[in-house]
Amino acid sequence: MNKKTLLIHGGKTTDPYTGAVTTPIYQTSTYEQDGIGSLRQGYEYSRTANPTRTALESVIADLEHGKHGFAFGSGIAAISAVIMLLDQGDHVIVGSDVYGGTYRAMTKVFERYGISFDFVNTTDVQNIANKIQPQTKMVFIETPSNPLLRITDIRAVSELARKHDLLTVVDNTFMTPYFQTPLTLGADIVVHSATKYLGGHSDVVAGLVAVSDDALAERIGFIQNSTGGVLGPQDSYLLIRGIKTLGLRLDQIEKNALAVVSMLEEHPNVLNVYHPSQKDHLNYEIHQAQSEGTPGVVSFEVADVEQAKELVTDTRYFTLAESLGAVESLISVPSLMTHASIPADIRAKEGIADGLVRLSLGIEDTEDLVADLKQALDALTTK
Ligand SMILES: *Cc1c(COP(=O)(O)O)cnc(C)c1O
């Protein structure tokens, strides 16, 4: 089954009870039992399982070429559930430019429970190898990362991790299974902020997990039910609906990203462009080998933070906002917004310049987006 067909026919989204073609919203907390413990369809209580959520979970399992899916109330809830697989004393190696909320959950919450984290530049697998200790149990990566779109070799990391009996977790939010399927490259667990491309319409906050291994799935299911960060039926429905058009949206988003990148590369007011479609992007070949597309997030640098501030208010079709992955194009200044909580010296060391601007391309007309961004960049020269 090809990708666009899988988006429509993956999982079980036809209602098994009525034949309804779209998944009904089972807005119920509990289920009538015919006798004590005699459940009609296996459903007992909606924290444990709800048919709308079950349908969504079957979709993400199929899209990621895994066997089991889990839906949570946010991407961070999904990531937290995965970290709860660990025990006190365990150690995790994490990408140094991991999503800020992931970093915060790890360092401000899970460290208090005796789990330790080392943050390294994972673009070179050797940096991970150097940090492996007897207590290490997990490697957690994002590729491409945010906001500089750094590429990590999923195959190489998974291979190294397997040799040392570590779980490999990939946050696949930026690529989605339409462009990249980490389980097929050797990863054990895929996590998503489905708030972004999978939902795709800026109207739902959700997280998803997919795995292949049955025993691992049983442990995650136990954590999901025991700690309870589940996704409700309305939001599960919205995600199923959003996922159906993921391919159409990403085709247009990728087209827009590539057109914007080529304009930016030529523009005299742009100092640097960061996007894995560029041949001189670090690990370009690895990205080509492990994925089937390029992200809709593009970052670039203008001279300074003042120019960045000016630019983001001078565009018409790029909404000034955090987040990414929706139908509308967004623009942000990481040093003042998403990455403001990182101390300036660490930001500088990570290469996040004050004049860095991040775009999340939407599905608008390509020419309109390029022209809009270009006029805002042109205006910078006259100041
Ligand atoms: C947004 C995001 C998250 C967090 O997801 P929420 O749905 O906001 O909780 C995690 N990872 C990445 C890469 C993200 O972009």
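The values are calculated or read from the model by the stated rules, or taken from the named source; none is laboratory data. If you're wondering where the values come from, they're calculated on a predicted model, not measured in any experiment. We place every Cβ from the backbone using ideal geometry, glycine too, and count neighbours over all the protein chains shown. Protein only, heavy atoms only, side chains kept; ligands, DNA and RNA dropped before computing areas. Shrake-Rupley method; radii C 1.70, N 1.55, O 1.52, S 1.80 Å.
With respect to the conditions (1) surrounded by fewer than 16 Cβ atoms within 10 Å (Cβ to Cβ); (2) farther than 17 Å from L238 by Cβ, A61 lacks only one, and its number is (1). So how many residues does the range 305-331 have that are touching a strand residue (DSSP E or B) at 6+ places or on another chain (Cβ under 9 Å) and among the aromatic types (F, W, Y)? Of the residues in that region, 1 qualify. Selection of the range 136-157 for residues being closer than 16 Å to T102 by Cβ and among the basic types (K, R) yields only R150. Out of curiosity, is A308 more than 24 Å from the chain's Cα centre (by Cα) and assigned to a helix (DSSP H, G or I)? Taking the combined requirement at face value, the residue satisfies it. For V169, the stated conditions hold: it is over 20 Å from S332 (Cβ atoms), in contact (Cβ under 8 Å) with a residue 60 or more places away in the chain and touching a Phe, Trp or Tyr at 6+ places or on another chain (Cβ under 8 Å). In the range 3-27, which residue that is over 25 Å from T176 (Cα atoms) and touching a residue at least 60 places away in the same chain (Cβ under 8 Å) is surrounded by the fewest Cβ atoms within 10 Å (Cβ to Cβ)? Only one residue tops the list, namely Q27.
Residues in the range 199-215 that are among the aliphatic types (A, V, I, L, M) and either touching a Leu at 6+ places or on another chain (Cβ under 8 Å) or outside the structural domain of R47 (by TED's automatic domain parsing) (or both): V204, A206, L208, A210, V211.
Tallying residues that are small (G, A, S), open to solvent by 60 Å² or more (accessible area, probe 1.4 Å) and closer than 24 Å to H201 by Cβ within the range 315-358 yields 0. Of the helices (runs of 4 or more DSSP H) contained entirely in the range 115-231, those carrying at least 1 residues that are open to solvent by 30 Å² or more (accessible area, probe 1.4 Å) and among the acidic types (D, E) fall at 154-163, 214-227. Scanning the range 256-296 for residues being under 21 Å from I154 (Cβ atoms) and out of contact with any His (no Cβ under 8 Å at 6 or more places or on another chain) gives a total of 15.
A Cβ distance below 8 Å, combined with a sequence gap of six or more or placement on separate chains, defines the contacts here; from the range 352-379, residues that are in the same structural domain as L258 (by TED's automatic domain parsing) reach residues that are open to solvent by less than 30 Å² (accessible area, probe 1.4 Å) and acidic (D, E) in the pairs A353/E301; G355/E301; L356/E301; V357/E301. Counting only helices (runs of 4 or more DSSP H) that sit completely within the range 1-109, those holding 1 or more residues that are within 16 Å of the ligand (Cβ to nearest atom) and within 25 Å of the chain's Cα centre (by Cα) correspond to 51-63, 75-83, 100-104.
Condition check: among the small types (G, A, S) and either more than 21 Å from M106 (Cα to Cα) or in the same structural domain as S329 (by TED's automatic domain parsing) (or both). Does S226 satisfy that? Here the answer is no, as S226 does not meet what is asked.
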